[in-house]
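These notes concern the structure reproduced below.
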Amino acid sequence: HHLVVVSQDQVLTIEGTEFGVRALDPAGRCGAIDASTSIFVSYVETPVLTKVHVLPYGDTLPAAYSYDIFGDFIRPFLREHPFAIYGLGDHFAYRGVRFRVMATDPPQTAARVSSQTVVFFEG
């Protein structure tokens, strides 16, 4: 017997294909999958950015402590929002720091960030 624990908005990669956990029944943050679990799959082709460049607004950066801009803010935000769509000029905030999307590849494309997306955050 196998038991797998999943959480809502979790991204799973199985044989090179990404799957997103969009809902659990009963509703909750986490759930367990076993041999008796019914799984429903809906195929949605969502464009993925190859590269994205995001910059923080300097006046929102912490002044009282040192930080790793990617590890402390950008990566956790993207992991918590795996299905969000980002385009040139979009804004997002995490733990009080605001960011703006400065560029995307492909250019002028609104798409999601995957585990394969290269994230630039300097400049």
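Just so it is clear, none of the values below were taken in a lab; they were calculated from the coordinates. Worth saying up front: this structure is predicted, and the values here are computed from it rather than measured. Here the Cβ is made from the backbone with ideal geometry for all residues, glycine too, and neighbour counts use every protein chain on show.
What is the projected area of the convex hull of the Cα atoms of the chain, averaged over all directions, in nm²?
Details: hull surface 38.7 nm².
It is 9.7 nm².
With the crude spin-label approximation of a point 7 Å out along Cα→Cβ, what separation in nm comes out for Glu45 versus Leu3?
Once both label points are built, they end up 4.0 nm from each other.
Multiply the residue gap between Ala93 and Thr37 by 0.36 nm, knock off their C-alpha separation, and tell me the result in nm, one decimal place.
Stretched fully, the Ala93-Thr37 segment lengthens by 16.5 nm.
Averaging sequence separations of C-alpha pairs under 8 Å and six or more residues apart, then dividing by the length of region 51-120, give the relative contact order as a whole percent.
Relative contact order for region 51-120 comes out at 49 percent.
In sequence order, what are the phi-derived ³J(HN,Hα) couplings for region 107-123 according to the Karplus relation 6.51 cos²θ - 1.76 cosθ + 1.60 with θ = phi - 60°, rounded to whole Hz, with x for glycine and proline?
Residue by residue, region 107-123 yields x, 6, 10, 9, 7, 8, 9, 10, 5, 8, 6, 8, 10, 9, 9, 10, x Hz.
If you take the C-alpha gyration tensor of region 51-120, multiply each eigenvalue by 5 and take the square root, what semi-axes do you get, largest first, in whole Å? Provide the component values of the computation, followed by the final result.
Working: eigenvalues 88, 32, 20 Å².
One finds semi-axes of 21, 13, 10 Å for region 51-120.
Calculate the translational D of region 1-44 in whole µm² s⁻¹ from Stokes-Einstein, where the hydrodynamic radius comes from the Kirkwood formula applied to all Cα pairs, the temperature is 25 °C and the viscosity 0.890 mPa s.
Numbers: Rh = 11.3 Å.
D, rounded to a whole number, is 217 µm²/s.
Run the dipole for the chain about the Cα centre, Lys and Arg Cβ at +1, Asp and Glu Cβ at -1, nothing else charged, and hand back the magnitude in debye, nearest 20. List each step's numbers first, then the result.
Numbers: 9 positive and 13 negative charges, 46 e Å.
Charge dipole of the chain: 220 debye, to the nearest 20.
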